[in-house]
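Scroll down for the structure; my scribbles are underneath it.
The values are calculated or read from the model by the stated rules, or taken from the named source; none is laboratory data. Only a predicted model underlies this, so the values are computations on that prediction, with no experimental measurement involved. Every residue, glycine as well, gets a Cβ built from its backbone with ideal geometry; the counts of neighbours run over all protein chains shown.
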Amino acid sequence: MKIIGLTGGIGSGKSTVLSIFKDLGVATYIADNEAKKLMNSDEKLKNQIAKLFGEKAYVEGELNRTYIASLVFSNKEKLNALNALVHPKVHEDFQQFINKTNVDFIIYEAAILFESSSDKLCDYTITVLASFKNKTERIMKRDGISEAQILERMKHQSTDAFKIKKSNFVIRNNKLEDTKCQVLTIFELLSKLKK
Ligand code: ADP
């Protein structure tokens, strides 16, 4: 089994690339979604988060995302502390997912693959790239937010250069047809590799 880490900046097309891989029969694990689930279901993690952020962290048992976001947005130490609680749990959950999944490929998608050291779980890594213009236009359309808000979010992400340096492959997601060709080429290449 080969584990492939998939990352990219906001709006680069991670989900789009993931769904192309999925059509090729690859199993997928979306770390951000699983993290959200675990923060609402794992009692030990919930207690740790409540201890870190106070009782307002949960409202009727559900994570108060707006409140947490407002706290970590301006406080890097709090963000690091939250990540230090969540990522080991996600990695543990991913290990269980691997154990019960009998396929040749699993893609682990994470916006902060390298920053969370999740690339250590992977045999290969891929970064999805798109032009600034494409990214901003797509996010404005998808999320209905302004260019200024997008720039603010991008400011908090690591650069493409950082991700490219750490990746085995890059996919340039500008024209969808070209993206599909790149996914197929990488898939065929990975299929041939021993590990
Ligand atoms: P990410 O997961 O990296 O945030 P998405 O895959 O959700 O990015 O892509 C952002 C938006 O752009 C989505 O609405 C998606 O449908 C659209 N999109 C992605 N890739 C393309 C493409 N090659 N051509 C046109 N639209 C695209």
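A few notes on this one:
- If you go through segment 82-118 and keep only what is of a type in the set (D, E, K, R) and more than 16 Å from the ligand (Cβ to nearest atom), you end up with LYS89, GLU92, ASP93, LYS100, ASP104.
- Residue in segment 155-165 that is more than 15 Å from the ligand (Cβ to nearest atom), modelled with pLDDT of 95 or more, surrounded by fewer than 16 Cβ atoms within 10 Å (Cβ to Cβ) and of a type in the set (D, E, K, R) present: yes
- Residue list for segment 12-31, restricted to those being within 9 Å of the ligand (Cβ to nearest atom) and either more than 18 Å from GLU115 (Cα to Cα) or outside the structural domain of LYS166 (by TED's automatic domain parsing) (or both): GLY13, SER15, THR16, VAL17, LEU18, SER19
- Some residue of segment 43-64 being over 24 Å from ARG153 (Cβ atoms) and polar (S, T, N, Q): yes
- Pair list, Cβ under 6 Å, 6 or more apart: segment 111-128 residue closer than 16 Å to THR159 by Cβ, other residue of a type in the set (Lys, Arg): PHE114/LYS166; THR127/LYS163; VAL128/LYS14
- Only one of SER41, SER70 that is modelled with pLDDT under 95, outside the structural domain of ILE112 (by TED's automatic domain parsing) and either within 16 Å of the ligand (Cβ to nearest atom) or more than 23 Å from ASP160 (Cα to Cα) (or both): SER70
- Condition met for LEU82 (assigned to a helix (DSSP H, G or I), modelled with pLDDT of 95 or more, out of contact with any Ser or Thr (no Cβ under 9 Å at 6 or more places or on another chain) and surrounded by 18 or more Cβ atoms within 10 Å (Cβ to Cβ)): yes
- Screening segment 104-195 for strands (runs of 3 or more DSSP E) wholly inside it with 3 or more residues that are within 29 Å of SER70 (Cβ to Cβ), outside the structural domain of THR16 (by TED's automatic domain parsing) and out of contact with any Leu (no Cβ under 9 Å at 6 or more places or on another chain) returns no ranges.
- Selection of first residues in segment 59-81 that are within 15 Å of LEU45 (Cα to Cα) and of second residues that are assigned to a loop (DSSP other than H, G, I, E, B), restricted to Cβ pairs under 8 Å at least 6 apart or on distinct chains, gives an empty result.
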